[in-house]
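Note sheet for the following structure.
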């Protein structure tokens, strides 16, 4: 399909360094890269959920290094051994409500971790591309009805959003100071900053996230899920959609100065949904459970009600566009969890869905 091109052969034999490989998105990306023949090194803390996708996948051909991003000595040793062609930085404290409980950890992980990685990357002689994954929540959200563009102001009211805005600014500053094309005499690698919308997909068991809460509730003894903010609108997308954007961006960064900078990856406007619509669709696809609304909501912690992304730049500049409609995202997500609950392995479920997705987006 035109506009969806990825070159799987590009990654065969390439050395790739993925931070956050024990997390949800990182585990999918590391596994996908390894399937394409990349020599993948993952660097992250131990998996924080039980179960975790990374643990269920069993590692496979991914070399795993357990460590903290702020441990520069250990990080440098892992990078030296990996000698990466590309770095995908996905490690983060990624939960809004947890950021209220521990803002110091959130800022240290998301900001200092990013700067430490980029500083260490300056000594990677073979490095050609760095993709820094921040978030759609890096934008200063004024609850506008139109999508945020890459040139809009960054910010963040809650600690998570603020840390992502700060990490985005720090990554841009490091890129302009020490990396091509803007840093004269700097490292040849180019840096891309990826701001993705809300991600759903099989294998996520994080706390205080919509789909994991639905799965725990509807497949558990309570047989239901209670929503705090049913009318909030988010740019929902299947996990493979932004990961494809990261892969396409890395390929382009390796040979094109114009690819450096920030990029949005999100769904089409017609596929945006309120929380209640996502919950009802996932429950229906699971075939069991019920959705309830908490009439009191949660007035103690602020969370944005409206968030949209304008992905025109990615469409025109990378040729990236969503391959999956909302209904497909729900089908794949619910199908993964239903399959896992029935005894199928995480690896077989991920492989099956990757093959289906590759049939839509790969140009041989």
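Key figures for this structure:
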quantity	calculated
Helices (runs of 4 or more DSSP H) wholly inside segment 90-159 containing at least 1 residues that are out of contact with any helix residue (DSSP H, G or I) (no Cβ under 7 Å at 6 or more places or on another chain) and closer than 26 Å to residue 249 by Cα	113-121
First in segment 52-66 and assigned to a strand (DSSP E or B), second anywhere and at pLDDT 95 or above and surrounded by fewer than 18 Cβ atoms within 10 Å (Cβ to Cβ), Cβ under 8 Å, 6 or more apart	65/74; 66/45; 66/46
Index of the failed condition, residue 81 passing every other in (1) crowded, with 17+ Cβ neighbours inside 10 Å; (2) touching a strand residue (DSSP E or B) at 6+ places or on another chain (Cβ under 9 Å); (3) more than 28 Å from residue 204 (Cα to Cα)	(1)
Residue satisfying condition, being within 15 Å of the chain's Cα centre (by Cα), touching a residue at least 40 places away in the same chain (Cβ under 8 Å), over 24 Å from residue 346 (Cα atoms) and assigned to a strand (DSSP E or B), within set 195, 190	195
Answer from 221, 230, 181 - the residue that is under 20 Å from residue 131 (Cα atoms) and either in contact with a helix residue (DSSP H, G or I) (Cβ under 9 Å, 6 or more places away or on another chain) or free of Cβ contacts under 8 Å to residues at least 60 places away in the same chain (or both)	181
Selection from segment 92-114 of residues that are closer than 12 Å to residue 167 by Cα and crowded, with 19+ Cβ neighbours inside 10 Å	92, 93, 106, 107, 109, 110, 111, 113, 114
Only listed residue being modelled with pLDDT of 95 or more and more than 30 Å from residue 341 (Cα to Cα), chosen from 63, 76, 35	76
Segment 178-208: number of residues that are surrounded by fewer than 21 Cβ atoms within 10 Å (Cβ to Cβ) and closer than 11 Å to residue 257 by Cα	4
Pairs, first farther than 15 Å from residue 179 by Cα in segment 109-123, second buried (at least 18 other Cβ atoms within 10 Å of the Cβ) and modelled with pLDDT of 95 or more, C-beta under 6 Å, six or more apart	110/163; 110/167; 111/163; 111/166; 111/167; 111/170; 113/69
Residue, surrounded by the most Cβ atoms within 10 Å (Cβ to Cβ), within segment 1-28, restricted to residues that are under 24 Å from residue 70 (Cα atoms) and over 14 Å from the mean Cα position of the chain (by Cα)	17
Single unsatisfied condition, residue 328 versus (1) at pLDDT 90 or above; (2) over 22 Å from residue 201 (Cα atoms)	(2)
Residue within segment 237-252 that is within 22 Å of the chain's Cα centre (by Cα), part of a strand (DSSP E or B), closer than 15 Å to residue 196 by Cα and touching a residue at least 40 places away in the same chain (Cβ under 8 Å) present	yes
Flag for residue 153 being surrounded by fewer than 17 Cβ atoms within 10 Å (Cβ to Cβ), modelled with pLDDT of 95 or more and more than 19 Å from the chain's Cα centre (by Cα)	yes
Failed criterion for residue 31 (all others in (1) surrounded by fewer than 16 Cβ atoms within 10 Å (Cβ to Cβ); (2) within 22 Å of residue 93 (Cα to Cα); (3) out of contact with any strand residue (DSSP E or B) (no Cβ under 8 Å at 6 or more places or on another chain) hold)	(1)
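The values are calculated or read from the model by the stated rules, or taken from the named source; none is laboratory data. Worth saying up front: this structure is predicted, and the values here are computed from it rather than measured. All Cβ positions, even for glycine, are placed from backbone atoms using ideal geometry, and neighbour counts span all protein chains on display.
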